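The values are calculated or read from the model by the stated rules, or taken from the named source; none is laboratory data. The structure presented is a predicted model; accordingly, all values stated were derived computationally and were not measured. Cβ: placed from backbone, ideal geometry, glycine included. Neighbour counts: every protein chain shown. Accessible surface areas use protein heavy atoms only, side chains included; no ligands, DNA or RNA. Shrake-Rupley method; radii C 1.70, N 1.55, O 1.52, S 1.80 Å.
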Amino acid sequence: MTQPHRSIRQFTTEKLTDAEISDLIDVAQHTATSHYLQSMSVIHITDPHLRAAIAGISKQQYINQNGELFIFIADQYRASLSAAPGHHLGSFDKFLQAASDALLATQNVVTAAEAKGFGTVILGSILNDPKQLIDLLALPKFTFPICGLLVGHPDQTPQLKPRLPQATVFFENTYALPSDYDQQLAAYDDIIRDYYATRDTNRREETFSHLLAASAAVTPAKRSELFAAVKAQGFLSAGY
């Protein structure tokens with residue numbers, strides 16, 4: 001059975017070799033891709049000043065420490081170079097297509113990296129200031145950063161985070177939460193409360209219900225600029 005994923009945020013100083021990085025990018029390139037259009041790109045961040053700036057955007061200082069940092073990009077720019085005038089590369093469909101390619105490639109790299117014994121953590125926090133990140137990466141029109149990924153030799157073994165009961169996320173034919181969903185959620189809240197109270201680091205009083213409610217009530221300030229940033233990159237054009 002495949003080992004469950006654990007997010008690793010502490011890495012040793014040992015770097016990945018060029019061959020190991022090339023192998024992971026090869027995995028990214030051979031991920032399933034919509035219509036074989038390969039609408040994604042990957043940027044390897046090696047400049048220390050750029051990496052520090054990305055860590056500042058993310059507000060996660062471990063990003064500026066060990067491990068290799070990759071940014072996965074939804075990329076319709078290459079298509080725009082071949083497309084005729086009046087193309088629809090700014091449509092929501094084309095954006096979703098490219099974003100899906102980038103996300104699938106990210107997960108494929110995670111799976112491959114973990115199979116090799118590396119640790120990984122996916123970084124949604126790079127979008128805390130999307131406009132600044134786009135400028136830092138000099139992204140052209142019809143591209144957009146989707147997520148970051150740290151890969152390296154793990155220097156920690158965190159406890160597994162318990163997941164929701166399978167019956168609350170896996171259905172047959174139609175969306176149908178179980179009739180005893182409230183009871184299952186309450187039992188899961190107890191599991192999560194115990195997990196946070198006894199884990200190795202950052203212990204606190206917490207439940208999953210509270211996490212859901214708190215997340216729904218808060219949006220980081222610059223995240224409100226995401227829609228505008230996507231449009232500024234040429235996507236989500238009016239009318240299609």
* Structure fact -> dims of region 1-140, Cα set, principal axes, largest to smallest, nearest Å -> 50, 37, 25
* To do: Specify the angular offset, from 0 to 90 degrees and rounded to the nearest 10, of the alpha carbon long axis of helix 208-217 from the longest principal axis of the alpha carbons in the chain.
  => 40 degrees
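What number, in percent, do you get for the relative contact order of the chain if the mean sequence gap of Cα pairs under 8 Å and at least 6 apart is divided by its residue count?
Numbers: 360 pairs, mean separation 62.3, N = 240.
Dividing the mean separation by the residue count of the chain yields 26 percent.
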* With just the Cα atoms of region 78-117, tell me how far they stretch along each of the three principal axes, in Å, largest first. => 47, 19, 6
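State, to one decimal in nm², a quarter of the convex hull surface area for the C-alpha atoms of the chain, i.e. the direction-averaged projected area.
On the way: hull surface 63.3 nm².
Average projection, Cα convex hull of the chain: 15.8 nm².
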* Structure fact -> Mean-square fluctuation maximum in Gaussian network of the chain, Cα pairs under 10 Å, restricted to Glu68, Glu205, Glu225, hits Glu205
* Structure fact -> Per residue, accessible area of the chain with a 1.4 Å probe, heavy atoms of protein chains only, in Å², comes to 57 Å²
* Structure fact -> Taking the convex hull of the alpha-carbon atoms of region 76-217 and averaging its shadow over every direction gives an area in square nanometres of 13.1 nm²
* Rounded percent of accessible protein surface that carbon and sulfur make up, the chain, 1.4 Å probe -> 55 percent
* To do: Quick one: check the C-alpha center-to-center distance for region 159-203 versus region 38-52, whole angstrom.
  => 35 Å
* Relative to the longest principal axis of the C-alpha atoms of the chain, give the angle of the C-alpha long axis of helix 48-58, reported between 0 and 90° and rounded to the nearest 10°. => 60 degrees
* Asked: Helix 18-29 versus the longest principal axis of the chain: what is the Cα-based angle in degrees, 0 to 90, to the nearest 10?
  -> 80 degrees
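Please give the net charge around Ala187, taking every other residue with its beta carbon less than 15 angstrom from that of Ala187, where Lys and Arg add +1 and Asp and Glu add -1. Please list the in-between numbers first.
Details: positive: Arg163, Arg193; negative: Asp180, Asp182, Asp189, Asp190, Asp194.
Taking every Cβ under 15 Å from that of Ala187, the sum is -3.
Over region 27-119, what is the relative contact order in percent, taking alpha-carbon pairs closer than 8 angstrom and at least six residues apart?
Details: 98 pairs, mean separation 37.1, N = 93.
Once normalised by length, the contact order is 40 percent.
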* Structure fact -> Ignoring ligands and nucleic acids, Leu127 exposes an accessible area, probe 1.4 Å, in Å² to the nearest 10, of 20 Å²
* To do: Note down the accessible area of Ser41, probe 1.4 Å, to the nearest 10 Å².
  => 30 Å²
* Label-point separation in nm, Ile43 to Arg204, each point 7 Å along Cα→Cβ -> 3.0 nm
* What percent do you get for the relative contact order of region 108-197 when only Cα pairs under 8 Å and 6+ apart count? -> 25 percent
* To do: Ignoring everything but the protein chains, give the 1.4 Å probe accessible area of Leu164 in square angstrom, nearest 10.
  => 60 Å²
